[in-house]
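Working notes, beginning with the structure itself.
The values are calculated or read from the model by the stated rules, or taken from the named source; none is laboratory data. On a predicted model such as this, the values are computed, not experimentally measured, just so you know. Please note: Cβ atoms are built from the backbone with ideal geometry, for glycine as well, and neighbour counts cover all protein chains shown. SASA here: full protein model, heavy atoms, side chains in, ligands and nucleic acids out. Shrake-Rupley method; radii C 1.70, N 1.55, O 1.52, S 1.80 Å.
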Amino acid sequence: MPTTTFLNLNEDKQNQIFHALIKEFSQYRLTEAQVARIINDCSIARGSFYKYFEDIHDSYRYALKRVLKEVHFDVFQQIRAEKQNSLQAFYDATTSFIEDLKGTQYEFFYQKYVVYNQFELKHKEYDYRKMPEEYLVLLVDGRPVSDKEQIIITYKWATSAAHETIRNVLSGGNQEQLFSDFASLLKLLNKGLRNRG
């Protein structure tokens, strides 16, 4: 994460550097990014860059954290608001996220993240077993699923499918078909939960 020296810069300078990072990481994957282009774009010395960040990976993690704070959504808040079928919240959150991201300054940054950079950073999937129980809510036809393990597995697969849908849409896949496939998968999960013994 950025150093105290970076955090002590005025907001305009921080934003200038942030926008240079967004430009670089929107055009190049992390393994191809260059400090030289970043410092040229925001008019700072190479030495200053290394006073602000440990290395290019550190600067990427900083930019990613800021972008995620601005564009990410709380699917679990939407799940708790859904009174009939909780899995519908995964679909609504995913499709809304993609629509809201398109055309923004972060679209290509996020595309590079989901297609390449999350793997280069060895991004780990969230462990739902560490989630507080009050967040583990899953309704099927208005009735709660009580088996914690079923809820965790369902969340895991729905999240994985949501991420795969986002990755494929942002990679240029057929959005209509991908949304339809995602909706069908969620219906199958819902049907399995409805018929559980």
Pairwise label distance in nanometres, residue 96 with residue 108, each label 7 Å out on the Cα-Cβ vector
2.8 nm
What is the gain in length, in nm to one decimal, between residue 81 and residue 29 on full extension, counting 0.36 nm per residue of separation less the C-alpha to C-alpha distance?
15.0 nm
Take the alpha carbon atoms of the range 152-183, find their center, do the same for the range 87-104, and report the distance between the two centers in whole angstrom.
10 Å
In the range 171-197, whose amide N lies under 19 Å from the spot 7 Å out along Cα-to-Cβ of residue 147? List them in ranges.
186-197
In whole percent, the Cα-Cα distances of the range 18-66 spread across 10 Å bins from 0 upward as 28, 65, 7
Might you work out the accessible area of residue 163 for me, using a 1.4 Å probe with all protein chains in place, and round it to the nearest 10 Å²?
60 Å²
Pick from 21, 121, 101: which is most flexible by mean-square fluctuation in a GNM of the chain where alpha carbon atoms under 10 Å apart are linked?
121
Taking N as its residue count, the alpha carbon Rg of the range 82-157 over 2.2 N^0.38 Å:
1.36
With the dipole of the chain worked out from charges on the C-beta (+1 for Lys and Arg, -1 for Asp and Glu) around the Cα centre, which of 139, 52, 93 lies farthest toward the positive end?
139
Could you give the length gained on full extension between residue 174 and residue 126, defined as 0.36 nm per residue of separation minus the Cα-Cα distance, in nm?
14.5 nm
Computed FRET efficiency, Cβ-Cβ of residue 71 and residue 195, R0 25 Å: what is it to the nearest 0.05?
0.10
With springs only between Cα atoms under 10 Å apart, run a GNM on the chain and tell me which of 17, 38, 153 wobbles the most.
153
For the chain, alpha-carbon Rg relative to the globular expectation (2.2 N^0.38 Å, N residues)
1.21
Which of 83/122; 102/187; 69/191; 51/122; 13/102; 112/191 exceed 30 Å between C-alpha atoms? The answer is 83/122; 69/191; 112/191
Only Lys, Arg, Asp and Glu count, each charged at its Cβ (+1, +1, -1, -1), so figure out the dipole size of the chain about its Cα centre, rounded to 20 debye.
320 debye
Rule-of-thumb Rg ratio for the range 14-109 [Cα; 2.2 N^0.38 Å; N residues]
1.37
Loop only by DSSP, 16 or fewer other Cβ within 10 Å of the Cβ. Give me the chymotrypsin sites (Phe, Trp or Tyr not before Pro) in the range 26-111 that pass, ordered by residue number.
28, 73
